[in-house]
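A quick write-up on the structure given underneath.
Taken together, the values in this text are just the output of simple stated rules run on the coordinates, not laboratory data. Source: prediction; values computed, not measured. Cβ coordinates were reconstructed from backbone atoms using ideal geometry, including for glycine residues, and neighbour counts include every protein chain displayed.
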Amino acid sequence: MTKNAVTIETRALAVGQWASLFMAVAGVTAALLSRSDALLVDGLYSGVNFVAALIAARVARAVRRPADHRYPFGYEAYESLYVSFRSLVLIGILVFALFSSGEKIVVYLAGGDVPALIMGPILVYTVTMVTICAGLAWQFHRAWRRSQRRSELLRTEMRAAVVDGALSAGAGAALLLTPLLIATPAEVLLPIADALIVLVLQLIMLPQPLAMLRAALRETAGAAAAPESVRIAHHVANEALHGRPFTFLDMAVTKLGRTHFVVLYVRPENAVLGETLDQLRQALLSAYTRSGALVRCEVVATADPPFQSLASARLGSVAASGS
């Protein structure tokens, strides 16, 4: 990333950090004043966003370090590990909310006392939180675009802001509409309306962190990059090899955070010097940089690539789908 992109990312994460702290305090306060579990969950979600923003700032600095003897393949895995951690914590909060709401429903069905909601603080909280979350989502999306669309940190924070805003809007709107149940057959549900709203919201929101976790774990485990990334890498490699004394054999493409790793396997057509391989690697790197991708690459001269038949079939299917 360029120096300007780094500055954009750092500023956006700092704004999100303090906004999340404010929303966490506001959520817990509004929950205590209104006796609403839904607002408490929303406040805890914002609290997680604040702690995650502190970690994200450190991760953003770490992934910009060059490879060294401690991490010979670079620090990019930190970004995927962060997304995994973020997703697991969010899943934990949502599961906690599900059990908490279920407990309140069980208490009510067993004849226990469930305190009534106080609506006043809910309206003020809902309008304030939705406005802040919308602003954060816009800011993170804008920063992600201005920083060359590479930062997984900004994409993750943008999604978290959208989820937080939707959670606040859904919980607030549903709670404010519960008085409409009075004098209807559904009036019996009023004492547990808050818990029912939490259950519905959590079930709606849970798939997103699960999908984020799955994608991050695939990256951390070393799975192949997306077919579109493989297709682009294949095309760039063929262009870089044009006119050079090498035959394309195979390639491996993985992704960690914002960085793609490309290993190109070639067969030299005649004896070549190490400098010739270095020139090919530099040509590849320059071509990938021009395409806008953040890439680390390596060239391996061989007569027998490690997984030729499997990868060649995959590359063939990718090429066919792109044609």
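The stretch 109-139 and the stretch 10-47 have Cα centres separated by 10 Å. Once the Cβ-Cβ distance of R149 and V25 is raised to the sixth power relative to R0 = 22 Å, the FRET efficiency obtained is 0.10.
If you add up the charges near V106, with Lys and Arg at +1 and Asp and Glu at -1, over every other residue whose beta carbon is less than 14 angstrom from its beta carbon, what do you get?
With Lys, Arg at +1 and Asp, Glu at -1, the neighbours total -2.
Here r is the Cβ-Cβ distance between T184 and S286 and R0 is 56 Å; the resulting FRET efficiency, rounded to 0.05, is 0.25. With a ≥ b ≥ c taken as the square roots of the eigenvalues of the C-alpha gyration tensor of the stretch 1-77, please select rounded if a/c is under 1.5 and otherwise prolate if a/b is larger than b/c or oblate if it is not? Prolate, since a/c reaches 1.5 and a/b exceeds b/c. Close amide H pairs (under 5 Å, H built 1.01 Å from N) link C297 with V262, residues at least 5 positions away or on another chain. Taking amide H as placed 1.01 Å from N in the peptide plane, the amide H of L256 sits under 5 Å from that of F261, each at least 5 places away or on another chain. In the chain, the longest principal axis of the Cα atoms and the axis of helix 274-290 are about 40 degrees apart.
Output the peptides 166-175, 63-72, 216-225 sorted from most to least packed, where packing is the average of other Cβ atoms within 10 Å over each peptide's residues.
In decreasing order of mean packing, 166-175, 63-72, 216-225 become 166-175, 216-225, 63-72.
Measuring r between the beta carbons of R61 and E228 and using R0 = 25 Å, the FRET efficiency lands at 0.25. Here's the picture: a label point sits 7 Å out from the Cα of T302 along the beta-carbon direction, and within the stretch 250-276 the residues with their amide nitrogen under 17 Å of it are 250-254, 261-269. With the helix formula -39500 (n - 2.57) applied to DSSP H stretches of n ≥ 4, the chain reaches a computed 222 nm mean residue ellipticity of -23500 deg cm²/dmol.
Stretch M119-V6 to full length: gain in nm at 0.36 nm per residue minus the Cα-Cα span? Residue separation times 0.36 nm, minus the Cα-Cα distance, leaves 36.3 nm. Relative to the dominant Cα principal axis of the chain, helix 3-34 is inclined by about 20°.
All other residues whose Cβ lies under 15 angstrom from that of S34 are scored, Lys and Arg at +1 and Asp and Glu at -1, for a net of -1.
For the chain, relative contact order (Cα pairs under 8 Å, six or more residues apart, normalised by length) works out to 18 percent.
Among P72, A221, F22, pick out the residue whose Cα is farthest towards the positive end of the charge dipole of the chain, where Lys and Arg carry +1 and Asp and Glu carry -1 on C-beta, about the Cα centre. Final value for the positive-end residue is P72.
A straight line joining the Cα centroids of the stretch 190-210 and the stretch 214-242 runs 37 Å.
Net charge within 10 Å of A97 by Cβ-Cβ distance, Lys/Arg positive one each and Asp/Glu negative one each, not counting A97 itself? Net local charge, A97 excluded: -2. Its Cα gyration tensor gives the chain an equivalent ellipsoid; the semi-axes, largest first and in whole Å, are 51, 20, 15.
Each peptide in 33-46, 246-259, 267-280 receives the mean, over its residues, of other Cβ atoms within 10 Å, and ordering these scores from highest gives 33-46, 246-259, 267-280.
Taking label points 7 Å from Cα along the Cα-to-Cβ direction, V51 and L177 give a separation of 3.3 nm.
If I fit a long axis through the Cα atoms of helix 152-177 and take the longest principal axis of the Cα atoms of the chain, what angle between them do I get, 0 to 90°, rounded to 10? Between helix and principal axis, roughly 20 degrees. Note on S100 and H242: their simple-model spin labels are 6.0 nm apart, each label 7 Å out from Cα toward Cβ.
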